Amino acid sequence: MICIDIETSPIALKDLPPENKAYLEEKSKNKRSGKIIDGENYGQGAIGKFELNKILCCCVKEDDKEIEAFFGDSEAGIISDVLSMLVGQDHVIGFNHISFDLPMLKMRGLIHGLHTTMPFNIKQWSEHYIDVRYQLTDKYGVGDLAYWSRVFNIKPPQWQIDDKSDLSKYPIADVVKGCRDDVRCTHSLFLKLNNSIKGE
């Protein structure tokens with residue numbers, strides 16, 4: 001079993017291919033909401049787009065081992081290390097990782113020429129990829145990781161960063177620390193859900 005979390009930041013607008021930037025500006029021009037590019041910044045429509053974001057770090061907890069953090073200047077190196085850890089795992093656990101973390105890993109990996117057997121569209125209820133968020137929202141309603149941690153008497157993630165819209169502005173040590181704590185909470189929540197939902 002492996003539990004993962006990734007943290008990302010937007011790719012600077014100046015680093016986009018000029019033709020792509022112009023294309024996105026044109027597509028955003030007449031939108032009242034959900035603009036991808038809004039003036040000199042990204043708009044709400046850019047959130048979660050793999051081609052407009054990069055992976056800063058990924059934290060992983062395998063079985064009962066300590067949480068391991070992957071970060072550095074090479075996004076390809078981060079992704080390659082994490083994908084290699086996913087091979088042969090019976091369960092891949094995360095919080096919202098089916099919608100965000102895993103597709104981001106796969107697609108950013110493909111951009112760097114890295115390949116994985118991870119499918120493009122993972123079902124919400126998968127025996128292999130288990131999303132704690134989907135378990136909770138199906139059973140009990142909505143809520144983020146901090147909310148559900150408090151519900152299940154788990155210490156919520158301790159982030160020292162309030163605005164996560166561009167994590168590249170902060171020291172990577174602070175980003176990694178928050179990512180580690182997300183994995184800690186997700187892993188603890190998963191273990192509690194195994195008992196409370198599955199009755200094991």
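The values are calculated or read from the model by the stated rules, or taken from the named source; none is laboratory data. The model shown is predicted, which means the values in this text are computed figures rather than measured ones. Cβ: placed from backbone, ideal geometry, glycine included. Neighbour counts: every protein chain shown.
Among Leu105, Leu193, which is the only one that is at pLDDT 85 or above and either of a type in the set (D, E, K, R) or more than 16 Å from the chain's Cα centre (by Cα) (or both)? Criteria check complete, one pass: Leu193.
All told, Ser168 meets the bar of being in contact with a strand residue (DSSP E or B) (Cβ under 9 Å, 6 or more places away or on another chain), surrounded by fewer than 16 Cβ atoms within 10 Å (Cβ to Cβ) and at pLDDT below 95. State all residues of region 13-63 that are polar (S, T, N, Q) and part of a helix (DSSP H, G or I); if no residue qualifies, say none. The answer is Asn20, Ser28, Gln44.
Check region 54-69 and report whether any residue there is hydrophobic (A, V, I, L, M, F, W, C) and modelled with pLDDT under 90. I'd like the intermediate steps shown before the answer.
Quick first cut of region 54-69, residues hydrophobic (A, V, I, L, M, F, W, C) only: 55-60, 67, 69.
Okay, now just the ones that are also modelled with pLDDT under 90, so none.
No, the conditions are met nowhere in region 54-69.
For every residue, the table says whether it meets (1) over 21 Å from Gly77 (Cβ atoms); (2) of a type outside the set (D, E, K, R); (3) in contact (Cβ under 8 Å) with a residue 24 or more places away in the chain.
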{"position": "Arg150", "(1), (2), (3)": "yes, no, no"}
{"position": "Trp159", "(1), (2), (3)": "yes, yes, no"}
{"position": "Tyr170", "(1), (2), (3)": "no, yes, no"}
{"position": "Ser188", "(1), (2), (3)": "yes, yes, yes"}
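Each residue in region 120-137 was checked for being over 18 Å from Ile6 (Cα atoms), touching a helix residue (DSSP H, G or I) at 6+ places or on another chain (Cβ under 9 Å) and not small (Gly, Ala, Ser), and 6 pass.
Listed here are the residues, each with its yes/no results for (1) more than 17 Å from His128 (Cβ to Cβ); (2) surrounded by 12 or more Cβ atoms within 10 Å (Cβ to Cβ); (3) basic (Lys, Arg); (4) in contact (Cβ under 8 Å) with a residue 12 or more places away in the chain.
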site: Lys35; (1), (2), (3), (4): yes, yes, yes, no
site: Gly43; (1), (2), (3), (4): yes, yes, no, yes
site: Asn53; (1), (2), (3), (4): yes, yes, no, yes
site: His97; (1), (2), (3), (4): no, yes, no, yes
